[in-house]
Amino acid sequence: MEYDFRAIEQKWQQKWREDGTYNVEVDPSRPKFYVLDMFPYPSGAGLHVGHPLGYIASDIYSRYKRQSGFNVLHPMGYDAFGLPAEQYAIQTGQHPAITTEQNIARYRSQLDKIGFSFDWSREVRTCEPEYYQWTQWAFLQMFDHWYNNRTRRAEPIKELITYFEEHGTVGLDAAQTQNLEFSAHEWCAMSEADREQTLQNYRLAFRADTMVNWCPALGTVLANDEVKDGLSERGGHPVEQKRMKQWLLRVTAYAQRMLDGLDELEWSDSLKEIQRNWIGRSVGAQVFFEIAGTERKLEIFTTRPDTIYGVTFMVIAPEHEWVKELTTEDNREAVEQYIIDTKRRSERERIADTKRVSGVKTGSYAINPFTGQAIPIYISDYVLSGYGTGAIMAVPAHDSRDYAFARHFGIDIIPVVEGGNIEVESYDAKEGKLINSDIINGMDVKEAIDFMFKEVERRGIGKRLVNYRLRDAIFSRQRYWGEPFPIYYKGDVARRLADEALPLTLPAIENFGPTSEGEPPLARVKEWHTAEGYPYELSTMPGFAGSSAYYLRYMDPHNHEALVGKRENEYWRNVDLYVGGIEHATGHLMYSRFWNMFLYDLGYVCEKEPFKKLVNQGMIQGRSNFVFRIVGTNKFVSKGLKDGYETQRIHVDVNIVKNDILDIDAFRAWRPEFNDAEFVLEDGKYICDWAIEKMSKSMFNVVNPDHIVENYGADTLRMYEMFLGPLEQSKPWDTNGIDGVHKFLRRLWSKFYSRDGKLLINDEKATRAELKTLHKTIKKVGEDIENFSFNTSIAAFMICLNELGDCSKREVLEPLTSLIAPFAPHIAEELWHALGHTTTVCDAPFPKYNNDYLVENSFEYPVMINGKLRFKQEYALDLADSDIAAHIVTCEGAQKWLEGKMPKKIIVVKGKIINIVM
RNA sequence: GCGGAUAUGGUGUAAUUGGUAGCCACGUCAGACUUAGGAUCUGAUGCCGAGAGGCGUGGGGGUUCGAGUCCCUUUAUCCGCACCA
């Protein structure tokens with residue numbers, strides 16, 4: 001009987017669906033395990049073979065954990081709100097709700113064919129009101145809280161109000177947009193609008209007038225992680241800096257906790273490093289420089305307070321709020337012109353030419369608090385308004401940018417650290433002895449930094465300060481397809497909706513594109529206001545809003561009272577294994593951690609971190625094929641013969657090429673222009689050229705998993721995707737080679753059934769060799785799954801079948817069937833039933849290996865290694881300190897080498913002595 | 001510029017973590033069975049060499065009885081951050 005994968009897969013997929021085989025419930029009698037995939041954007045293009053890679057890996061792990069006795073939560077859903085869905089809708093002219101619905105249906109049918117063990121009863125869609133109600137709710141919680149740096153947690157804004165009534169800002173240490181100082185009396189005297197304005201300075205979800213990334217083409221602002229090299233990540237449109245009033249999330253409040261939390265996580269080093277860089281912690285000093293002839297003190301941030309005697313000028317960013325005040329009359333024109341020029345340069349230009357030195361004198365002077373000297377203040381765009389205080393003390397001798405600036409403007413360069421060649425370049429290294437520096441002369445740099453931290457504080461001119469590169473997340477988008485803000489306005493005062501009013505549903509509108517007046521699409525909705533007529537916020541939330549807490553919702557997806565019930569949360573706790581792409585390192589994975597920590601502070605969730613272990617699957621690239629058309633003809637020449645002709649290399653659909661051999665008939669049918677194509681063949685075949693490129697429609701290299709499932713079956717697809725190489729590595733898809741895996745499954749099948757359909761399984765006793773093969777495989781596969789080394793476990797299966805030969809003994813094949821079930825669940829289920837079982841293979845215990853079968857025939861020598869007695873097959877042994885020497889020396893193999901002499905060392909490899917040191 | 005990762009046959013890769021490099025596949029070659037093969041089965045297949053043998057894990061150096069693995073150095077590719085004070 002043939003291995004009829006189509007019939008088998010259809011049969012079991014249907015059965016699993018009908019029985020709800022993969023649905024799980026809270027069960028305190030069993031240990032839980034939570035395996036999560038990054039849910040997909042249902043884009044219009046459908047899934048290609050790269051998408052399921054991570055899903056297959058996590059599915060194997062889920063099934064393995066389930067067979068190992070865990071209650072496994074393995075859900076799936078759709079990240080359906082956000083820019084990509086809306087852009088697709090705009091392109092196709094259809095309403096995003098409709099295209100999203102269609103795309104989801106397509107994704108679902110593609111996913112279903114692969115045989116995943118998802119609990120679909122827990123499906124979530126971020127665009128549905130029952131779901132985004134809780135996104136809105138979380139936002140309101142952030143609106144209602146502030147971050148207390150003293151207690152290091154979020155606290156209710158009501159308590160802050162009470163504090164203001166009693167103390168004003170005296171003694172307050174809060175995460176804030178700017179440093180405000182007022183007394184209790186002043187607070188009480190404020191108007192309601194002023195108080196609300198003040199509170200926005202502290203709320204964790206707040207509205208502020210800040211510099212934002214504005215993308216004119218998309219008609220919206222973007223968060224920092226959505227901008228790459230000055231272009232929007234989505235669509236690649238230019239992005240400019242613009243001052244706008246926007247909603248933000250105060251993620252910076254959690255910067256230190258997000259940094260500290262990384263140490264506890266089982267994430268890859270590279271991913272942790274990306275997050276560390278993104279947070280960008282740096283320790284330095286805040287120092288105030290008096291401005292000559294005024295009461296003002298210019299605040300700067302520096303990590304090198306030790307170089308303060310080398311400061312010969314100051315620089316402030318062109319956007320600095322004091323630019324006007326610091327500019328003297330005779331410099332005004334030049335400064336204004338410089339600001340205009342700076343604004344005109346796009347973010348992209350600014351990034352592209354960082355070498356250009358430019359700047360203008362303000363005419364004001366600052367007083368160096370240590371030397372008392374007056375030093376000029378410049379404005380220049382090499383100082384960024386967004387980092388630190390937007391002002392620096394410049395030390396040209398020890399900072400390359402300051403050096404370039406000083407050289408350009410002829411400013412003094414005073415070396416204060418020994419080393420380097422100041423005539424040629426600055427000496428930036430953090431080592432050496434201090435010189436020309438009065439009280440710190442002779443100290444080395446590290447010592448001097450510490451000393452100056454204290455000295456600055458002692459003199460009351462500043463303090464030690466930690467700065468972060470991380471920015472607060474811009475949270476509003478001038479788009480239609482997102483969660484509406486549960487916010488309305490009385491005048492300019494933002495008010496929250498009551499919890500009972502949630503969800504605030506997104507109104508269905510006809511025209512969802514940007515308006516011509518530059519207002520968000522929701523401005524078109526006449527009824528977009530409260531019953532009292534107060535207008536709602538017109539922007540919607542960004543894509544990351546809905547994905548920030550979805551892992552919590554899966555725990556309890558139908559709860560109408562809470563985001564997640566206490567009982568459910570305390571059982572499922574957090575995600576044990578998260579599988580997804582590294583591209584979310586600075587986006588979703590940051591926001592989710594922030595969101596979770598915030599809910600943790602409020603007591604809604606019981607774990608500090610959302611994702612304990614995280615595995616990044618590599619990207620699957622495309623492998624394109626090419627044919628060579630002889631220029632000016634409709635004749636195509638095979639790759640090996642092309643040098644004899646003048647040819648043109650054109651992409652050909654990879655689906656009509658197999659093992660680089662072109663299916664000529666399919667090619668003629670592919671496009672009308674090729675109907676009468678002629679060919680120059682080699683050995684009767686047309687061989688195509690190939691190249692690795694991004695998988696995309698325009699390269700004709702997109703491989704649809706449906707196509708593979710149709711031709712080879714889901715089990716083959718699953719195993720082949722894993723066989724392709726290490727999970728974390730990026731690699732091109734290459735359908736060549738899939739036969740090897742398919743052949744393996746057919747051979748597995750042929751152990752159970754003969755050609756004429758007879759069941760071959762027998763109850764004969766297995767030989768020692770067969771059991772050894774079996775247990776070796778069980779050990780290897782079990783260890784490989786734990787290490788996410790799925791490619792090697794598949795190799796182990798192949799070796800196992802090779803070694804077993806034509807053995808069809810139940811004693812061997814039954815454990816093998818349950819062992820392979822996580823990888824190829826359909827065939828395993830079919831064979832499991834063929835073995836006489838009536839329950840699903842998903843619940844068959846994952847087999848355990850018996851070491852007795854593995855060691856019997858091997859040489860084992862006891863060895864001292866690092867002072868411990870161990871049993872190994874190969875080792876380098878220092879005989880001097882081991883009384884096992886006698887044992888070795890009497891060994892048969894050792895005898896002929898020794899000739900009665902006592903060796904220093906005997907080197908034994910795999911039970912064989914390979915070297916003896918006399 | 002700073003940080004991270006990778007480099008092994010014609011191809012994808014493996015190597016008990018310092019112990020016989022190339023497992024398992026793809027491809028190629030040869031053979032068997034076949035009307036046929038893009039089916040199945042068997043065998044060969046790192047490179048040089050007729051052979052004995054020699055060489056071989058991007059390059060160079062080192063530690064070690066022994067290095068793909070550890071250390072130094074260098075090159076190439078990929079990724080992240082980047083006028084971050």
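Read-outs throughout are calculated quantities, based only on the coordinates presented, and are distinct from any laboratory measurement. Small disclaimer: the values here were computed from a predicted structure and weren't measured. Backbone-built Cβ (ideal geometry, glycine too); neighbour counts: all protein chains shown.
Odds and ends about this structure:
- Whole-number percent relative contact order across region A:159-309, with pairs defined as alpha carbons under 8 Å at least 6 apart: 14
- Neighbour-limited loop hits for chymotrypsin sites (Phe, Trp or Tyr not before Pro), region A:705-783 (at most 13 other Cβ within 10 Å; DSSP other than H, G, I, E, B): none
- Segments A:698-708, A:75-85, A:138-148, A:405-415 sorted - mean Cβ within 10 Å per residue, highest first: A:75-85, A:138-148, A:698-708, A:405-415
- The gain in end-to-end length when the A:D263 to A:Y489 segment is fully stretched comes to 77.1 nm, 0.36 nm per residue minus the alpha carbon separation.
- 20 °C / 1.002 mPa s Stokes-Einstein diffusion coefficient of region A:587-696, Kirkwood radius on C-alpha pairs, µm²/s: 122
- Within region A:173-226, GluC sites (Glu not before Pro) in DSSP loop having at most 12 other beta-carbon neighbours inside 10 Å: A:E181
- In this rough spin-label picture, where each label sits 7 Å from Cα along the Cβ direction, the A:I157-A:K608 distance is 2.8 nm.
- Within straight-line reach of A:K245, meaning a Cα separation under 14 Å, sit the following aspartates and glutamates at least 8 residues removed in sequence or on another chain: A:D209, A:D472, A:D492, A:E519, A:E537.
- The length gained by stretching the chain between A:R567 and A:N711 to full extension, at 0.36 nm per residue less their Cα-Cα distance, is 47.3 nm.
- Separation of the alpha carbons by more than 32 angstrom is noted, of A:K731/A:K779; A:K32/A:K776; A:K228/A:K635, for A:K228/A:K635.
- Neighbour counts of other Cβ atoms within 10 Å put A:K776, A:K751, A:K15 in the fewest-to-most order A:K15, A:K776, A:K751.
- Percentage, to the nearest whole number, of Cα pairs in region A:238-303 over 14 Å apart: 74
- Modelled FRET efficiency - R0 60 Å, A:A7 with A:M211, Cβ distances, 0.05 increments: 0.45
- In this simple spin-label approximation, A:E329 and A:F679 carry label points 7 Å from Cα along the Cα→Cβ vector, and these lie 8.7 nm apart.
- Rounded Å value of the spacing that divides the Cα centres of region A:143-202 and region A:253-270: 29
- Positive end of the dipole of chain A (Cβ unit charges, origin at the Cα centre): among A:P514, A:Y600, A:T716, the Cα lying farthest that way belongs to A:T716.
- Å³ per residue enclosed by the Cα convex hull of region A:5-65: 142
- This model, with +1 at the C-beta of Lys and Arg and -1 at the C-beta of Asp and Glu, gives chain A a dipole about its Cα centre of some 1660 debye.
- Arranged from fewest to most other beta-carbon atoms within 10 Å of their beta carbon, A:Y131, A:Y254 become A:Y131, A:Y254.
- Value at 222 nm in deg cm²/dmol, rounded to 500, when DSSP H runs of n ≥ 4 in chain A each add -39,500 (n - 2.57): -10000 deg cm²/dmol
- Net charge of the neighbourhood of A:I114, taken over other residues with C-beta under 10 Å away and scored Lys/Arg +1, Asp/Glu -1, is -4.
- Alpha-carbon centroids, region A:613-657 and region A:278-302: separation in whole Å: 59
- Label zone at A:Q14 (point 7 Å along Cα-to-Cβ), backbone N below 11 Å, region A:825-843: none
- Working from Cα pairs under 8 Å separated by at least six residues, relative contact order for region A:734-839 is 29 percent.
- Think of region A:633-685 as having a plus end and a minus end, set by charges on the Cβ of Lys, Arg, Asp and Glu; of A:I650, A:V680, A:G640, A:I650 sits farthest toward the positive end of this dipole.
- Exposure proxy shown here: for A:I738, A:I422, the number of other Cβ atoms within 10 Å sets the order, fewest to most, as A:I422, A:I738.
- Estimated FRET transfer efficiency when R0 is 56 angstrom, pair A:R356-A:Q256 (beta carbons, to 0.05): 0.95
- Note on chain A: Kirkwood radius taken over Cα pairs, Stokes-Einstein applied at 4 °C and 1.567 mPa s, translational D equal to 39 µm² s⁻¹.
- Placing +1 on each Lys and Arg Cβ and -1 on each Asp and Glu Cβ, with no other charges, gives region A:668-749 a dipole about its Cα centre of roughly 320 debye.
- Mean sequence separation of contacting Cα pairs (under 8 Å, at least six apart), scaled by the length of chain A, corresponds to a relative contact order of 13 percent.
- Listed by chain and number, the lysines whose C-alpha is less than 29 Å from the C-alpha of A:K446, apart from same-chain residues fewer than 8 away, are A:K272, A:K297, A:K430, A:K433, A:K454, A:K463.
- Highest average first, the peptides A:570-579, A:646-655 ordered by how many other beta carbon atoms sit within 10 Å of their residues are A:570-579, A:646-655.
- Computed label-point distance, nm, for sites A:D763 and A:I422 using a 7 Å Cα→Cβ extension: 9.5
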